[in-house]
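First comes the structure, then the notes that go with it.
The values are calculated or read from the model by the stated rules, or taken from the named source; none is laboratory data. Just so it is clear, the structure is predicted and the values come from calculations on it, not from any experiment. Note that we place each Cβ from the backbone using ideal geometry, even for glycine, and neighbour counts take in every protein chain shown.
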Amino acid sequence: MNAHLVSPDDIRSAFSAAMSAMYRDEVPAYGTLMTLVGKVNEETLGNDPQLKQRLTATDSLERISEERHGAIRLGTRHELAMMRRAFAVMGMVPVGYYDLSTAGVPVHSTAFRPVGDASLKRNPFRVFTSLLRLDLIADETLRTEAAKVLSGRNIFTEGAVALIEKAERNGGLGREDAARFVAEVLETFRWHDKAIVDAGMYRRLHDAHRLIADVVSFRGPHINHLTPRTLDIDRVQKLMPEHGIAPKAVVEGPPTRACPILLRQTSFKALEEAVSFRGADGTWQAGSHTARFGEIEQRGVALTPKGRALYDKLLNDTRARVRPAADGSNAAEYEAALADVFTAFPDDWNGIRAAGLGYFRYSLTESGKAAAAGATMGVDLETAIAQGLMQFDPIVYEDFLPVSAAGIFQSNLGDDAAQEFTASPNQIMFERDLGASVLDEFAHYAEIERASIENCLAVVTLAQA
Ligand code: OOG
Ligand code: NI
């Protein structure tokens, strides 16, 4: 019976493609961005045969043009728990906990994504998923009203829920069910231009925080952006205006480097879109809502806890020197400070590796394979590398960065949206609402690295025996 089940990786790929097609249809600027990113990626690979060769050798060239992440914001813990079950059918599990209250955004989040090398290579589609924290809203009346609106909506179709339950019962879905599942779950991410609240309520939610209005006022958690991955974010940022897209002032994350680390992101501002609000007598009142935007990202090496601590420190040091203004007035100054402060972070692969700052995937070189076949002596990792028997490639960072995420949120909430909340991470509450614990990202990368070394040692050991 299991032979008839479609692999979760295939369902995720189909879902990612369907979502991309829907968003391209709904937000044409996303299509423009995709085309631009595709062009820049092709040029980058053309100019850097070595990069192309490494990506091909590690089997990761194919995934790049197919790769993207999206984001949604949910209203209740029931929505979050069901979303976890829906993503599980696609082989996506919650990784990491992000507290955004520190950054003035009343949500906390996780990223649903595939784990494991084979699944990531097949399709690394991720969804940054936030849960609204009504507990951070001061106005008690509004909080109660918002909770009431949220409790009255059902963001999943009946068909989606039935197929999620069926997949859980049978350990997966057959071909027809999988196709129906993709179509049914896609409905949850669709844009609705008719609000479920009246204009007055929308205004009050909006005044409390724009994000609250976005989460509470509509029938579902529309996908608010999809983000393709580029091999050269500076180039795309520079070319965007020529293509009629205005990027945000500064790129979030680390500066431009020879060896990219973690994640760099930039977005274009959310569009003002026509919506209508419920009138008292069944009529509709015209208005507008701003939520959906576009983003691009460039991914670099995943950092160890030590590397991440250094990154966090350098980012803090930079921001203590220059805080990037929302209007871009000090963008050049910020970029200069960032580049300057980050000279303290080694910028060659072996330096990053030797200092224990990043995670790498090890493999035998051709001469390593030959040596292993000829029953050479076993040598330790450093010697094997020094003798050219082993090579290493950076393991791509698959997760997100809280400061960057906050910057992306803020750039799309308008300049009046900056608000102070008391920092109140609550991973325990989040995991209770989710109905599961989130995976520790560091443990995951460490395991990929370990397994790659073990692969090589096995060959060397076998050859010695
Ligand atoms: C999510 C913002 C975070 C990212 O790439 O860091 C994010 C949101 O605006 O809902 O997507
Ligand atoms: Ni994003």
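Within the range 98-117, residues that are assigned to a helix (DSSP H, G or I) sit with their Cβ atoms under 8 Å from residues that are surrounded by fewer than 23 Cβ atoms within 10 Å (Cβ to Cβ) and among the charged types (D, E, K, R), at 6+ positions apart or across chains, in these pairs: SER101/ARG133. Within the range 299-313, not a single residue is touching a helix residue (DSSP H, G or I) at 6+ places or on another chain (Cβ under 8 Å), more than 24 Å from SER60 (Cα to Cα) and buried (at least 20 other Cβ atoms within 10 Å of the Cβ). The set of residues from the range 252-272 being over 9 Å from SER404 (Cβ atoms) and at pLDDT 90 or above comprises PRO254, PRO255, THR256, ARG257, ALA258, CYS259, PRO260, ILE261, THR266.
Cβ separations smaller than 8 Å between residues 6+ apart or across chains give the following pairs from the range 153-165 residues that are farther than 14 Å from PRO221 by Cβ to residues that are among the small types (Gly, Ala, Ser): ILE164/ALA86.
I'd like the full set of residues that are touching a helix residue (DSSP H, G or I) at 6+ places or on another chain (Cβ under 9 Å) and within 16 Å of ligand 2 (Cβ to nearest atom), limited to the range 30-71. Matches in the range 30-71: TYR30, LEU33, MET34, VAL37, GLU67, ARG68, GLY70, ALA71. With respect to being surrounded by fewer than 18 Cβ atoms within 10 Å (Cβ to Cβ), modelled with pLDDT of 95 or more, more than 16 Å from ligand 1 (Cβ to nearest atom) and more than 30 Å from THR44 (Cβ to Cβ), ALA183 fits the description. I'd like to check something: does the range 32-39 contain any residue that is over 18 Å from VAL396 (Cα atoms) and in contact with a Phe, Trp or Tyr (Cβ under 6 Å, 6 or more places away or on another chain)? Within the range 32-39, not a single residue is over 18 Å from VAL396 (Cα atoms) and in contact with a Phe, Trp or Tyr (Cβ under 6 Å, 6 or more places away or on another chain). Only one of the numbered conditions (1) in contact (Cβ under 8 Å) with a residue 60 or more places away in the chain; (2) surrounded by fewer than 19 Cβ atoms within 10 Å (Cβ to Cβ); (3) over 30 Å from PHE392 (Cβ atoms); (4) away from ligand 1 (no atom under 16 Å from the Cβ) is violated by PHE277, and that is (2). If you filter the range 375-426 down to residues that are at pLDDT below 70 and among the small types (Gly, Ala, Ser), you find that the one that is farthest from ligand 1 (Cβ to nearest atom) is ALA375. Checking the stated criteria, LEU132 turns out to be within 21 Å of PRO106 (Cα to Cα) and either among the hydrophobic types (A, V, I, L, M, F, W, C) or not assigned by TED's automatic domain parsing to the domain that holds MET90 (or both). Entry remark, the range 118-142: residues being away from ligand 2 (no atom under 16 Å from the Cβ) and either more than 19 Å from SER424 (Cα to Cα) or assigned to a loop (DSSP other than H, G, I, E, B) (or both) number 12 in total. Select from the range 53-76 the residues that are touching a Ser or Thr at 6+ places or on another chain (Cβ under 9 Å) and among the basic types (Lys, Arg) and write down the one among them that is farthest from THR144 (Cα to Cα). The qualifying residue farthest from THR144 (Cα to Cα) is ARG54.
Among the residues making up the range 243-260, those that are crowded, with 20+ Cβ neighbours inside 10 Å and either free of Cβ contacts under 8 Å to residues at least 12 places away in the same chain or not in a loop (DSSP other than H, G, I, E, B) (or both) are PRO247, GLU252.
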